[in-house]
1. Quick check on the chain: helices-only [θ] at 222 nm, where DSSP H runs of length 4 and up contribute -39,500 (n - 2.57) each and the sum goes over total residues. Nearest 500, please.
2. Taking 4 °C and 1.567 mPa s as the conditions, I'd like the Stokes-Einstein D for the range 58-119 in µm²/s, using the Kirkwood hydrodynamic radius from alpha carbon pairs.
3. Within the range 14-102, which trypsin sites (Lys or Arg not before Pro) sit in a loop by DSSP and count at most 14 neighbouring Cβ atoms inside 10 Å?
4. Could you compute how fast the range 1-67 diffuses translationally, taking Rh as the Kirkwood radius over C-alpha pairs and applying Stokes-Einstein at 10 °C with viscosity 1.306 mPa s? Give it in µm² per second.
5. Would you report the distance distribution of C-alpha pairs in the range 181-268 as whole percents per 5 angstrom bin, up to the bin with the largest distance?
6. Under a 10 Å cutoff between Cα atoms, tell me which one of 196, 336, 290 has the largest fluctuation in the Gaussian network model of the chain.
7. Hey, can you grab everything whose amide H is under 5 Å from the amide H of residue 247? Only 5+ residues off in sequence or another chain; H modelled, so Pro and N-termini drop out.
8. Specify the residue with the greatest mean-square fluctuation among 39, 194, 58, computed from a Gaussian network of the chain linking alpha-carbon atoms under 10 Å apart.
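The values are calculated or read from the model by the stated rules, or taken from the named source; none is laboratory data. The structure displayed is predicted, hence computed values, not measured ones. Here the Cβ positions follow ideal geometry from the backbone for every residue, glycine too, while neighbour counts run over all protein chains shown. Surface accessibility is based on the protein's heavy atoms, side chains included, excluding ligands, DNA and RNA. Shrake-Rupley method; radii C 1.70, N 1.55, O 1.52, S 1.80 Å.
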Amino acid sequence: MQIANSMAFLGEESAFEVLAKAKALEAQGVDMIHMEIGEPDFDTPEFIKEAAIKALAEGNTHYTATKGIPEVREVFANYICETRKIPVSKTDIVITPGAKPIIFFSLLATINPGDEVIYPDPGFPTYKSVIEYLGAKAVPLPLREDNAFRFNHEDLWRLANEKTKMIVLNSPQNPTGGVLTEHDLVVISEVAREFDCWVLSDEVYSTIVYDGWRHRSIVGLPGMRERTIIVEGHSKRYAMTGWRLGYGVMPEGLASHVTRLANNAVSCTAAFTQLAGKAAYEGSQDCVADLCREFQERRDLIIAGLNSIDHVSCIKPDGAFYAFANIREFGWTSRDIEMYLLQEANVAALAGTGFGKYGEGYIRFSYACSQETIEKAIERMKTALANLPQLESFRQPYYAS
Ligand SMILES: Cc1ncc(COP(=O)(O)O)c(C=O)c1O
């Protein structure tokens, strides 16, 4: 079978791989706790579902304009105007099935082989995967625990050069829960202007911030509107992961290219999904506040729990719904601990290295599950980790196949 050489560079999210392993164990009767996948366990709010049902009943079951239905884009544009305090018109919005295609299409539309793209490490795996797929150089910007998983400003200045065509940022961040400060954003904007490059600002967790933190977008800083692509979507804030609804906000000149890519790849996003997404923004936002409040309680519970386990420590994340726990003291790799927790504690969580080499020594727990489940997971892990065998004797049965 002949496969394109470029396929060797395209990676995959490890969350889906671990989910498959966890499901296989469940099929054998194991009671598994799922903390691997990044999706809210809440149901999509009723008023959004009702809007979709109404849209279907009214016959919205056909193709739409590739960019999205004009009145839906209008509402999305208004939302961005209000929340990011910048002028945006519907011509700057491209709607896609989920936020992920915006990452893919934006890179496709702006990056040439040999270009350099700076991306956060640990970070959402799609960035590196697509950058390398395009034959560009993926330049990791380390996020370190001692800096609350924010980047070091000198690192960014050192890594940027005239070949840098894009800086990817993600705040609040997956997998660390870190949130960038205003000063961090100013530094990124200075580097972007100095080297005349794009900024891909992944803001899909913008409404999930805690302890009075307010989401800030780089797009409002001087000189950034014309070089920023905001990645937004409904998956996380409205628990709509399965609906596939996301969008990008970008200069109109780029939007036309991203639209052409979407036209060739997906034609358009489902009409009733778009209309449900419009209703989501027009309705009461209590559901977003409720979701955030519940996540904050879960965060406090899981952080206290993780820190009560011997040799595990975890700093308090300011946003998103992930805890990125330090497991270095065990002397095992993240991958071994991931496997051990899956097999021995029946807790599915992700090795930090699934998010890049700077994730070694960490495990990501998605706390998109009930408080009761979090408590159960902590108890199971406490017992399993207290009985950690010799690494080699653990590895033999599990890695042999
Ligand atoms: C940082 C980040 N960006 C983008 C996405 C993709 O979201 P969507 O479901 O809208 O494609 C995710 C999903 O986990 C994410 O964590």
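1. Details: 13 runs with 160 residues, N = 401.
Calculated at 222 nm, the ellipticity per residue is -12500 deg cm²/dmol.
2. Working: Rh = 13.8 Å.
Stokes-Einstein gives a translational diffusion coefficient of 94 µm²/s.
3. Working: sites: 21, 23, 49, 54, 67, 73, 84, 85, 90; in loops: 67, 85.
For trypsin sites (Lys or Arg not before Pro) across the range 14-102 that sit outside H, G, I, E and B with at most 14 neighbouring Cβ atoms in 10 Å, the list reads 85.
4. D = 95 µm²/s.
5. Bins of 5 Å from zero give 3, 12, 19, 21, 18, 15, 8, 3, 0 percent of pairs.
6. 290
7. Hits under the 5 Å cutoff: 96, 232, 233.
8. Highest fluctuation among the options: 58.
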